[in-house]
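The values are calculated or read from the model by the stated rules, or taken from the named source; none is laboratory data. The model shown is predicted, which means the values in this text are computed figures rather than measured ones. A quick note on method: Cβ atoms are made from the backbone with ideal geometry, for glycine too, and the neighbour counts reach across all protein chains shown. We work out accessible area using only protein heavy atoms, side chains counted, and drop any ligands, DNA or RNA first. Shrake-Rupley method; radii C 1.70, N 1.55, O 1.52, S 1.80 Å.
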Amino acid sequence: QDTIIQALNYHLAGLIADGKGNYDSSAFYHEKALAIWQKDSLRNNSNLAKANLNIGISNQKNGRYEIALEYEQKALYALEDTTHQTSEDIISKAAVLDQLGVTYALKGDIDQAIDYQEKALSIRQEK
């Protein structure tokens, strides 16, 4: 139980660092949370997705688009790798697809960006 609380503390520290513009620190804290959540026997895919997405966003804000895309894809896989998707998981999936679209746009790959934005829109229209 203590390790889960530690993961939450790392996650919150990452959000605070991001808010202050310290994107490397943000990624560091989210990576710490991710490492704990990966070892958790419950393997909460929502937490894995959240950590991977936040690491991706931190890297995207630092202009490291390839690394950002790698983590954002991991977030998407974590949300897809669940047998019983909750409505929150589906909403999170749309958010991850949005973020992938943003990262591809910043990278200059507009066709991919549009593709991901359309996928996110499709999910939201189904909800």
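So, restricting to helices (runs of 4 or more DSSP H) that lie completely within the range 3-106, which ones have at least 3 residues that are out of contact with any Phe, Trp or Tyr (no Cβ under 7 Å at 6 or more places or on another chain) and over 30 Å from residue 126 (Cα atoms)? Answer list for the range 3-106: 23-39.
Of all residues in the range 34-62 being of a type in the set (Lys, Arg) and in contact (Cβ under 8 Å) with a residue 12 or more places away in the chain, which is farthest from residue 106 (Cα to Cα)?
Of the residues in the range 34-62, the ones of a type in the set (Lys, Arg) are 39, 43, 50, 61.
Cutting the leftovers down to in contact (Cβ under 8 Å) with a residue 12 or more places away in the chain gives us 39, 50, 61.
Values: 39: 33, 50: 21, 61: 10 Å.
If we take residues in the range 34-62 being of a type in the set (Lys, Arg) and in contact (Cβ under 8 Å) with a residue 12 or more places away in the chain, then 39 is farthest from residue 106 (Cα to Cα).
Residue selection: residue 49 satisfies the criterion of being crowded, with 22+ Cβ neighbours inside 10 Å, within 12 Å of the chain's Cα centre (by Cα) and closer than 15 Å to residue 96 by Cα. State whether the residues of the range 36-46 include one that is under 22 Å from residue 100 (Cα atoms) and modelled with pLDDT of 95 or more. There is no residue in the range 36-46 that is under 22 Å from residue 100 (Cα atoms) and modelled with pLDDT of 95 or more.
Among residues of the range 1-15 being over 16 Å from the mean Cα position of the chain (by Cα) and over 15 Å from residue 48 (Cβ atoms), the one that is modelled with the lowest pLDDT is 1. Each residue in the range 23-45 was checked for being open to solvent by 70 Å² or more (accessible area, probe 1.4 Å) and under 16 Å from residue 59 (Cα atoms), and 5 pass. Looking only at the range 107-126, decide whether some residue is at pLDDT 95 or above and within 10 Å of the chain's Cα centre (by Cα). No, there is no match, as no residue in the range 107-126 is at pLDDT 95 or above and within 10 Å of the chain's Cα centre (by Cα).
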